Structures are given as C-alpha cells and as structure tokens.
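Take a look at the structure set out below.
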Amino acid sequence: MQRIIQVLWPSFIAAGVMDIVLFTLLDPVALIYQDAPLFTTRLGAYSLGFFLFWLFGTVSSALTCYFQCSTAQLNKICKSSEPKN
Amino acid sequence: MAEAGQKKVINIAASTEMEQTLYAVKQKVYPRAVSGWFASWRVALVLFTQLLYYGLPWLSWDGRQAILFDLAQRKFYILGLVFWPQDFIYLTGLLVIAAFSLFLFTAIAGRLWCGFACPQTVYTELFLWIERKIEGDRRKQMKLDRQAWNIEKIGKKTAKHSAWLVLALWTGFTFVGYFTPIKELAISFAHWTLGPWETFWIFFYGFATYGNAGFMREQVCKYMCPYARFQSVMFDSDTLTVTYDPSRGEPRGPRSKSTDRHTAGLGDCVDCSICVQVCPTDIDIRNGLQYECIGCAACIDGCDQVMAKMGYPRGLIRYTTENVIKGKYPDRSILAHVLRPRTLIYSVLLLAIVATLGMALINRVPLRVDAIRDRIAARETADGHIENVYRLQIINMQNKPHRYAISVTGLPGIKLGDASSLAEVAALGTHDAVVHVQIDPSEIRARSSPVEFKIQSLDNPELTKTVRSTFLNR
C-alpha cells in the first residue's frame, strides 16, 4: 500500500501541473481528429487530460520503483526497493 | 493546569493503538487543545482564510461572479479584470511572487505558512475542533478509542464523521464554485442536476479534505509535502524558529512548586510533557529543530502556561534564533539581525517582481490582434492597384463591446479597400476582419515589404494595438 501511494502521489502533482500548462496553451475544443471535434466539453477534456497524465506519471514512477531492484533481488522476486546490503 | 498536566502524563506508546496508515506505521496523535497568544493567532487566521475561501465565490461584480476562474469559457474573472489564456504570464508572475514571499518570511521567521495559513493546517484545526466538540478533550478521545463499541461510541463516531463529511463536501463544493459559476452550481446541486465532472470534482475534493484533515493530518506534512523537505535551505542561524532553550531548561525534572530549583540543581523544564502532548506532529521540541516541526508554536503556548503556574519566566520554549541559543547575541537583538544579505536579496527580488507585474497590469491593453495574410497571392484590382488580403483576428478582452478603426502604414500611398476600416467586436468577443490592402504599383519595387496595421478603439483611444505583416508584390 505504502509503495502504491509513493507511486501515485508524485504523479498526481506532476499531472496537475502538466494539465494546467497544456490546456493553457491549447483549447481542447479546437482539437480536431479525423474531421470531428475530439471533445464536446472543456471540463471533460481537462479532466480526461488530467487522468491521462496521471496514468503516464504513474507508469513512469512505477518503472522507477521497478528498476530500483538490484539484479540479486530480481533473481528472487522483487519485494522492496529499499537498498539491500 | 500545570499540576493537572503533570498528573496527566500518560505512557502514550502503551495506551494507543498502532495503525498501519497509507504512508507509515504511526501512532494516532491526539493533540491536546491549547490556548494562548499563538493559538489565538491561529484561530484568527483559520477564520480569516476560511471566510475568504467560503465567501469569495459568492461575491458579485458588475452582475457576475467577482472571482471566477471559468475553465469552461477559458476566462478568469478577477473583480473588474478579465484574463484570457494569452495572459498566462500574469499567473506565472503571481506564482513567482507567492514563491518569493514564502522564501522571504521563511528566512525571517521559519514555517509561518505551515503553522498558520496552510490549508492542511487550517482544515486539520477545523476537524480537530469538531472532534473535540463531539468526542471531548484529548483524554476522553483516547478513552473512547480504547473502549469497546457501544451505543455511545457509535453515536459519537457517527456524529463526528457526519459533521466532517458535511464540512468536507461544502469545501469541495466551494472549490468547484471557483471554476464554474457557484450560484448555478448551487441550484444544480439542490436539484441534483450537476454535470458529471462537477459532481466528480466536488466529491473528489471533498473526499481529499475528509481524508487529509480527518485522518492523514501530520502525515501529509511529514511524507507528502515537498516544501517541508526543502525548507531547510531557506533557514540560517538568524532564522526565528520555535526553539527550546536547553541552557535554561536542563537538567529537566519534576519538582513540587515549593522546591527551589537552584538548590535542587534543576533547570526550568519540569518535564511535564505538555509540549509533546500539544504537538500536532508528535515530536519533542526539546530534541532541537526537526523537519517534522511545522512551526505552529502550540508548544510555546503550552509551556508558557506551565511556566506561569510555576512562577518561572515565560519563554523556555520561544521563537528565537540558533545564534541566540548559542549565546552570540541576546533575544532583544533579533530584530537587528533580520536585515542580512539573504533577506535583502529576497526582498529586492520580490519588490522588483511586484513592481514589474504591477506596471505590466497597469499598461495591459485588453485587446489582442493577429494578422494572417490570405494565402491567395497578390492580385490586381480593376483600377490597376496591387491588392493583398489579410484576416485580422481581433479579440476584445474587455467586458464591453467596442468599435475599432483599422489603419495601415509602411508604404507610400498604401490604403485600405472599401469596408475594411471598421470592425465591431462584442464584449469578450472575437472578430475576424477581412481587410483589403491596396497600393499603386509604381510605389512598390521589392518582392515583399513590411506593413503595419493599427487597430484603435473609437470610444477609448488608449485601446490601441499594432500588428506587423508583409505585403507581397506581384
């Protein structure tokens, strides 16, 4: 549980910042995909964008956690990212 | 109070449950209520910030919400001003000002923000207040948590969580009310016809408030807050922090009020543990400055009461600096040490940014124009002129309609074609003006020449923008 939060929380902060920056520069209802508008409501676009960024951030943080495992730990099953002596 | 405090020393570790929380194994902290100078300031700031927070979205200005960050319309209303996404630079400036203010008063007086104004502290205070009203003081709360479930416990817990949830939902509702008009939101809420995203964010923010202020509390500061981790870079030996004076307090130890501490070889600290009991982050300030300390000064209030009861001078725990504790200068010289290179640099930078932003705001012209030349190449008109066609996108960023005169300069004899010199744009509207620019062929030699459009409001000549483009020869 602790590790899940460790992954989710920083990605949450990053997603918030990313969402604000992107949608300040870009109006989501102006986005056209294959001749049709991509979003009908702006609030929906902001929210979906936020969750998408959160997902990407989560994947990135989770991979960081995952790659922290040493080869020795990987040979067993990686249980903890804490440095082992 | 001091005697009572001494009797109340309880072996906390043995008496409270350990709980596996989201971040770390922790003991539940039951901060003891405290009163005093700093506690009053905190209450005042809680009231002030929350009146502001809950009240602001209900204020009106010119028949609309005074403070509204209308995300759906991509416009921010702040009193008489309307900001567009193109004005993002002002928001950036505001954030930089906020950051430097934080640096400045952290360098001067430590974590004032954390202890008195941070929403995490403020909502935790509110939730603690509700908890105390319903469950009683610290001892009663601990007893209630230890005892088996019965009608009384179920009743109190239900009442507490209901009150928390109502406050949390109201907080979530207010939060969303800053981003979508709050009066309409209230009507939709009452009729339960909220849009899916509004509903989601009200409950999401409400749930976060409930969780953060009701359960996670000091854990947010200890494990989730990035600021708490890097605050030490803004501290120096002249920074005011909540500090225990060991030279005065040690050797600590219990004693009766009649004991002469000097003959008994004791310091001023009576080891009553009040400072630990009132601490919302459950640390012992007597161990020195710790990153868990949010600078709330509850221990100062607590200790001062004990000192008063004992007839000792106040300020065994007080706001003071590392250098005072080291004996480099007395407390009364603290003010003279506030001015030092670090604080001067922060102040100068802060003033410079405030002045720049203020000037930029005063000189801000709520009009924006973009010129795009028609892709069709230059053509010749019936009367032998060369003509280029442009599309001028005029954005009226003000909350009232304007008529604008358009003119063009840059080449001798350059002029606008018919019906090209006037544009009407609605309040907060965007208008695409198609502009025909003509010139006599004898006046132009180069393949392309720079031209400049000037757009000026007829009712307010200060509303003027110029925009550049190029004029193509045949």
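For this structure, a couple of remarks:
- Euclidean distance between Cα centres, the range B:241-273 to the range B:35-89, Å: 47
- Charge tally for B:T430 (other residues, Cβ to Cβ under 11 Å; Lys, Arg +1; Asp, Glu -1): -1.
- Calculated log₁₀ intensity ratio I(q)/I(0) where the Debye formula runs over C-alpha points of chain B, q = 0.13 Å⁻¹: -1.24
- Neighbour net charge for B:F189 - beta-carbon separation under 14 angstrom, K R +1, D E -1: -1
- Dimensions in Å of the range B:367-472 - Rg and Dmax from alpha carbons: 14.0, 45
- Ranking by accessible area, most exposed first, for B:M216, B:M397, B:M359 with a 1.4 Å probe: B:M359, B:M216, B:M397
- Computed over the range B:1-364, relative contact order equals 23 percent, with contacts defined as Cα pairs under 8 Å that lie 6+ residues apart.
- For the segment A:44-50, counting C-beta atoms of other chains within 10 Å of every residue's C-beta and taking the mean gives 3.
- Backbone amide hydrogens, once placed in the peptide plane, bring B:F69 within less than 5 Å of B:Y77, B:F179, excluding anything fewer than 5 places away on its chain.
- 23 Å Cα-Cα threshold exceeded, pairs from B:K75/B:K400; B:K28/B:K140; B:K28/B:K257; B:K75/B:K465: B:K28/B:K257
- Largest first, the extents of the alpha carbon coordinates of the range B:139-239 on the three principal axes equal 56, 45, 19 Å.
- Inverse mean reciprocal Cα-Cα distance (Kirkwood Rh) of the range A:2-75, Å: 14.0
- Relative to the longest principal axis of the Cα atoms of chain A, helix A:42-67 runs at roughly 20 degrees.
- Net charge in the neighbourhood of B:N388 (other residues with Cβ under 9 Å of its Cβ; Lys, Arg +1, Asp, Glu -1) is 0.
- In the elastic network of chain A, a GNM with C-alpha springs shorter than 10 Å, the most mobile of A:V29, A:V59, A:V17 is A:V29.
- Computed accessible area, B:H161, all protein chains, 1.4 angstrom probe, square angstrom: 50
- Helix-derived mean residue ellipticity, 222 nm - over chain B, DSSP H n ≥ 4, -39500 (n - 2.57), to 500: -12000 deg cm²/dmol
- Here the Kirkwood formula puts the hydrodynamic radius of the protein assembly as shown at 29.0 Å, using every distinct Cα pair.
- Exposed-site-free run, longest, chain B (rule: chymotrypsin sites (Phe, Trp or Tyr not before Pro); DSSP loop; at most 10 other C-beta within 10 Å): B:193-474
- The magnitude of the dipole of chain A, with charges of +1 and -1 set on the Cβ of Lys/Arg and Asp/Glu and taken from the Cα centre, is near 520 debye.
- B:D137 accessible area, assembled protein chains, probe 1.4 Å, Å²: 80
- Kyte-Doolittle mean at least -0.5 and Cα axial length at least 24 Å: DSSP H helices in chain B: B:37-55, B:88-109, B:151-177, B:341-362
- Compared with the alpha-carbon gap, the fully stretched path from B:R364 to B:R468 is longer by 35.5 nm at 0.36 nm per residue.
- A cut-off of 5 Å between modelled amide H atoms, ignoring neighbours fewer than 5 places along the same chain, links B:R252 with B:G267.
The values are calculated or read from the model by the stated rules, or taken from the named source; none is laboratory data. For clarity, every value in this text was computed on a predicted model and none was experimentally measured. Methodologically, a virtual Cβ is constructed for each residue, glycine included, from the backbone with ideal geometry; neighbour enumeration extends over all protein chains shown. Note: accessible area is taken over every heavy atom of the protein model, side chains too, but ligands, DNA and RNA are not part of it. Shrake-Rupley method; radii C 1.70, N 1.55, O 1.52, S 1.80 Å.
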